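To start, the structure under review is shown below, and the notes come after it.
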Amino acid sequence: MLRELTVANLALIDRLQLEFDQGLNILTGETGAGKSIIIDAVNLILGGRFSTESLRVGAEAVEVQAVFELEENRANPDLARALEEWGIPLGEDGLLVMEREARPGGRGRCRVNGRTVPVLALSQIGSALMDIHGQHLHQSLLSPARQRELLDDFGGQALKEKAAKVAALYERREAVREALSQVTLSEEEKARKMEFLTFQLQEIEAARLQPGEEEELAREKELLNSAEELFSAASAAYNLLYGGDEPGAAFDRLAESQQLLAKAGEIDPRLQPLAEMLGEAAAQVEEASRELRLYREKIEFDPERLALVEERLNEIYKLKRKYGKDIAEILGYAEKIREELAMIEGEEERLAALTRELAGVEEELAAAAQDLSAFRKEAAAELEKTVLTHLAEVNMAKTVFKVDFSREDDEENGLPVAGEKLAVTRHGLDRVEFLVAPNPGEGLRPLAKIASGGELSRLMLALKVVLAEKDNIPSVVFDEIDAGIGGRTAQAVAEKLLFLSRTHQVICVTHLPQIASMARRHFYIEKQTTAGRTRVEVRTLDQEARIDELARMLGGAEVTATTREHAREMLTLAASIGRGKS
């Protein structure tokens, strides 16, 4: 519910703050006193359009703040979704603070619980918190989608369960259709894809790649390219160690040195170890020379083998450019191709299974949707009857109210029903819309196209009363609901507002004392002029002040003892009606 509304610099409002109650809040005052400005402020905080002309002369920006107190015992899934979408946190106090600063040129800013948001967020969050009925069109009941929801709520638990069944079947149908779209290929597309995948697989398989092959070939290529250099190095080393055309090979000199020291060691035994060491070195040189000779003999000068190795490496390089960074990745890609080919080849069977499943789901959905439609039409007939009863009580007895059902064809994606392809949503086959003819001889029209603000407000009041137990929007604003009515009709409207205020917060601008007498909180709006500037002031009336205001509303400019007594009687009657309604 709206707990506080603070407004600054809006038209004739300098600055004011109103504290609303949870029941029936009434705003009264002389014609032109500024009551509509209060409604304009509410409309602004709910994301309504800002007009530069409404900015108070000399001010830079209009400022509006609304504090909403969320009720723990009232479920409001639309509000929960909107808050989650915009990432708005809720404090433990259960308060939602909405702020809007509007400036000329489209500048300004909006905040919800301290978080900056666009005007669209105010609109979406606000539509779940309040309905404004009257000249303003911030009205959730004007939406056909909302009208369908309310009809389903009015139909009770049985209708809700049938609607839930249709929604579940619809979601299942969409899942099967999505699966079909993933596997359904035309024969031409299937053949083209299989041909391409088969070509890729054959190209990889024909190469007969082996893990580690590329590294081995690279090493072999390097050896073949360096055969001459390796042969020269091995030959030179062999000649230096063991022999060749030049005298003085290392082996010969070691052997000669060993012999000299061995003979000298006969004289001085200390040379014997050195002679032995030289003997071992000579043996190692001889062994190394033998290995070098064998290595040299195995070196291949094979240009043909080198060409083959280079050709193979080039083939691997081309495959790497197409299918992967190395042989392991190429072989992995080939395995994926085999799996995809197997899937395509098995598509016929999967396609047939999904097609059968879709046909079964659509048959169930068609039956459930038609069953839902039948129940909706029964609920609609009862709703029409109940609403007309309430309209008669507010001087709209000649009004025709009808719940219209329509369906749309959809040859491409429609649901097969009785030989037709009908558009279907998770809500079924029906497009539901409330139609009204306020006056005899007029055709039925949607609620949004009713010209008279007073007629629309009274119709909305009747609907709100009928759906009071179902609607989760906590606050309702009525402007001009008393246009063109009086006497017993005014009393009936007043009692309906009082009844509605038991389940909703109601804020109502009125000129009728019958309605004003029912208020739980009564605000009086007036204009005052100080230092050449006019501003709107709002007072909360106590019991005596209410008597004076009702007397003014009853008698016009002159307040007499008779009108005051009549006002006192109206308040007493209103109190007794309130107790009777509780």
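The values are calculated or read from the model by the stated rules, or taken from the named source; none is laboratory data. Note that the coordinates shown come from a computational prediction; the quantities given were computed from them, not determined experimentally. Here Cβ is always computed from backbone atoms with ideal geometry, including for glycine, and neighbour counts include all displayed protein chains.
Only one of Ala367, Ala381, Ala374 is within 15 Å of Tyr170 (Cβ to Cβ) and exposed (fewer than 15 other Cβ atoms within 10 Å of the Cβ). Can you tell me which?
Details: Ala381 fails: within 15 Å of Tyr170 (Cβ to Cβ); Ala374 fails: within 15 Å of Tyr170 (Cβ to Cβ).
Just one listed residue meets the conditions, Ala367.
Yes/no matrix, rows are residues, columns are (1) farther than 26 Å from Arg219 by Cα; (2) exposed (fewer than 12 other Cβ atoms within 10 Å of the Cβ); (3) out of contact with any Lys or Arg (no Cβ under 6 Å at 6 or more places or on another chain):
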| residue | (1), (2), (3) |
| --- | --- |
| Lys298 | no, yes, yes |
| Arg305 | no, no, yes |
| Glu311 | no, yes, yes |
| Ile316 | no, no, yes |
| Lys320 | no, no, yes |
| Ala342 | yes, yes, yes |
| Glu345 | yes, yes, yes |
- Note on the structure: Counting only residues that are closer than 14 Å to Ile37 by Cα and not hydroxyl-bearing (Ser, Thr, Tyr), the stretch 503-535 contains a total of 8
- Scan the stretch 236-252 and give yes if some residue there is surrounded by fewer than 16 Cβ atoms within 10 Å (Cβ to Cβ), of a type in the set (Gly, Ala, Ser) and at pLDDT 80 or above, otherwise no. no
- Cβ-Cβ below 9 Å, separation at least six or inter-chain, first residue in the stretch 513-542 and outside the structural domain of Asn9 (by TED's automatic domain parsing), second surrounded by fewer than 12 Cβ atoms within 10 Å (Cβ to Cβ) and at pLDDT 90 or above: which pairs? none
- Please tell me if Arg458 is charged (D, E, K, R), more than 30 Å from Glu174 (Cβ to Cβ), modelled with pLDDT under 85 and surrounded by 21 or more Cβ atoms within 10 Å (Cβ to Cβ). yes
- Mind listing whichever residues of the stretch 355-395 are of a type in the set (Gly, Ala, Ser) and either under 22 Å from Lys470 (Cα atoms) or modelled with pLDDT under 90 (or both)? Ser373, Ala374, Ala379, Ala380, Ala381, Ala392
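Confirm whether Ala334 is surrounded by 15 or more Cβ atoms within 10 Å (Cβ to Cβ), in a helix (DSSP H, G or I) and under 60 Å from the mean Cα position of the chain (by Cα). Quick ask: steps written out before the conclusion?
Details: surrounded by 15 or more Cβ atoms within 10 Å (Cβ to Cβ): yes; in a helix (DSSP H, G or I): yes; under 60 Å from the mean Cα position of the chain (by Cα): yes.
For Ala334, the condition - surrounded by 15 or more Cβ atoms within 10 Å (Cβ to Cβ), in a helix (DSSP H, G or I) and under 60 Å from the mean Cα position of the chain (by Cα) - is met.
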- Hand me the list of strands (runs of 3 or more DSSP E) wholly inside the stretch 8-70 holding 1 or more residues that are farther than 24 Å from Ala121 by Cα. 13-19, 24-29
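Among the residues of the stretch 260-275, write down those that are without any contact (Cβ under 8 Å) to a residue 12 or more places away in the chain, surrounded by 12 or more Cβ atoms within 10 Å (Cβ to Cβ) and assigned to a helix (DSSP H, G or I).
Taking the stretch 260-275 first, the residues without any contact (Cβ under 8 Å) to a residue 12 or more places away in the chain are 260, 263-273.
Cutting the leftovers down to surrounded by 12 or more Cβ atoms within 10 Å (Cβ to Cβ) gives us 260, 264-265, 271-272.
Those that are without any contact (Cβ under 8 Å) to a residue 12 or more places away in the chain, surrounded by 12 or more Cβ atoms within 10 Å (Cβ to Cβ) and assigned to a helix (DSSP H, G or I): Leu260, Ala264, Leu271, Gln272.
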- Task: Output the qualifying pairs, or none if there are none: Cβ atoms under 6 angstrom, residues six or more apart or on different chains, first residue in the stretch 560-580 and of a type outside the set (A, V, I, L, M), second residue part of a helix (DSSP H, G or I) and surrounded by 11 or more Cβ atoms within 10 Å (Cβ to Cβ).
- Result: Thr563/Ala551; Thr563/Leu554; Thr563/Gly555; Arg564/Ile547; Arg564/Ala551; His566/Leu554; Arg568/Ile547
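In this structure, does Ala206 turn out to be loosely packed, with under 15 Cβ neighbours inside 10 Å, assigned to a helix (DSSP H, G or I), at pLDDT 85 or above and within 50 Å of the chain's Cα centre (by Cα)?
So Ala206 fails the test.
Answer yes or no as to whether Leu435 is modelled with pLDDT of 85 or more, in contact with a Pro (Cβ under 7 Å, 6 or more places away or on another chain), within 19 Å of Leu467 (Cβ to Cβ) and not charged (D, E, K, R).
Details: modelled with pLDDT of 85 or more: yes; in contact with a Pro (Cβ under 7 Å, 6 or more places away or on another chain): yes; within 19 Å of Leu467 (Cβ to Cβ): yes; not charged (D, E, K, R): yes.
So Leu435 passes the test.
Can you name the residue in the stretch 543-568 that is of a type in the set (Gly, Ala, Ser) and farther than 19 Å from His522 by Cα and, of all such residues, is farthest from the chain's Cα centre (by Cα)? Show your work before the answer.
Filtering the stretch 543-568 down to residues of a type in the set (Gly, Ala, Ser) leaves 545, 551, 555-557, 561, 567.
Imposing the further condition that a residue be farther than 19 Å from His522 by Cα reduces the set to 557, 561.
Details: Ala557: 56, Ala561: 62 Å.
Within the stretch 543-568, the match that is farthest from the chain's Cα centre (by Cα) is Ala561.
Could you tell me whether Arg502 is in contact with a Gly (Cβ under 9 Å, 6 or more places away or on another chain) and either surrounded by fewer than 22 Cβ atoms within 10 Å (Cβ to Cβ) or of a type in the set (Lys, Arg) (or both)?
Values: in contact with a Gly (Cβ under 9 Å, 6 or more places away or on another chain): yes; either surrounded by fewer than 22 Cβ atoms within 10 Å (Cβ to Cβ) or of a type in the set (Lys, Arg) (or both): yes.
Yes; evaluated as a whole, the condition is true for this residue.
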- Message: Filter the stretch 92-125 down to the residues that are buried (at least 16 other Cβ atoms within 10 Å of the Cβ), free of Cβ contacts under 8 Å to residues at least 24 places away in the same chain and out of contact with any strand residue (DSSP E or B) (no Cβ under 6 Å at 6 or more places or on another chain) and list them by number.
- Response: none
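Return yes when Glu286 is touching a Phe, Trp or Tyr at 6+ places or on another chain (Cβ under 7 Å) and either surrounded by 13 or more Cβ atoms within 10 Å (Cβ to Cβ) or more than 30 Å from Arg208 (Cα to Cα) (or both) and no when it is not.
Values: touching a Phe, Trp or Tyr at 6+ places or on another chain (Cβ under 7 Å): yes; either surrounded by 13 or more Cβ atoms within 10 Å (Cβ to Cβ) or more than 30 Å from Arg208 (Cα to Cα) (or both): yes.
Yes.
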- Message: Looking at (1) aliphatic (A, V, I, L, M); (2) crowded, with 18+ Cβ neighbours inside 10 Å; (3) within 35 Å of the chain's Cα centre (by Cα); (4) over 25 Å from Glu149 (Cβ atoms), which one does Leu46 not meet, given that it meets all the others?
- Response: (4)
- Note on the structure: For Lys421, the lone unmet condition from (1) crowded, with 23+ Cβ neighbours inside 10 Å; (2) free of Cβ contacts under 8 Å to residues at least 40 places away in the same chain is (1)
- Item | Pick from the stretch 513-558, criterion out of contact with any strand residue (DSSP E or B) (no Cβ under 9 Å at 6 or more places or on another chain) and of a type in the set (A, V, I, L, M, F, W, C), ranking: nearest to Val394 (Cα to Cα) | Leu554
- Query: If Ala551 passes every condition in (1) surrounded by fewer than 20 Cβ atoms within 10 Å (Cβ to Cβ); (2) of a type outside the set (Phe, Trp, Tyr); (3) at pLDDT 90 or above; (4) out of contact with any Leu (no Cβ under 7 Å at 6 or more places or on another chain) but one, which one does it miss?
  - Reply: (1)
- Would you be able to say whether some residue in the stretch 69-91 is hydrophobic (A, V, I, L, M, F, W, C), closer than 13 Å to Leu5 by Cβ and buried (at least 22 other Cβ atoms within 10 Å of the Cβ)? no
